[in-house]
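Written below as structure tokens is the structure these notes are about.
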Amino acid sequence: MRSTARTVGLGLIDEVIPEDPNPFVTIERLNASIMASYIELAQLSERKLRSRRQERIRGLRAFEITKD
């Protein structure tokens, strides 16, 4: 989990969706997350989407792999 937290902090992923023992609950969480992202992004113009993507890529920091 520590590596996942680091990955979120670096901006490589947007969200960690917790698993549930019941796979149907996990699927519902995944679906809700995807739909929320889609609704948010669907409202943006193509120019804004490209700008956000470029900013995100430029904002990625180099990181060092260390043994824990």
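Since every read-out is calculated from the coordinates, none of them should be taken as a lab result. The shown structure was predicted, so the numbers you read here are calculated from the model rather than taken from an experiment. Cβ placement follows ideal geometry from the backbone for every residue including glycine, while neighbour counts extend to all protein chains displayed.
If you take all other residues with their beta carbon under 12 Å from the beta carbon of residue 20, and give Lys and Arg +1 and Asp and Glu -1, the sum is -1. Projected label points at residue 57 and residue 30, each 7 Å from Cα along the beta carbon direction, are separated by 2.7 nanometres. Counting Lys and Arg as +1 and Asp and Glu as -1 over every other residue whose Cβ lies under 14 Å from the Cβ of residue 37, the net charge comes to +1.
The length gained by stretching the chain between residue 46 and residue 22 to full extension, at 0.36 nm per residue less their Cα-Cα distance, is 4.9 nm.
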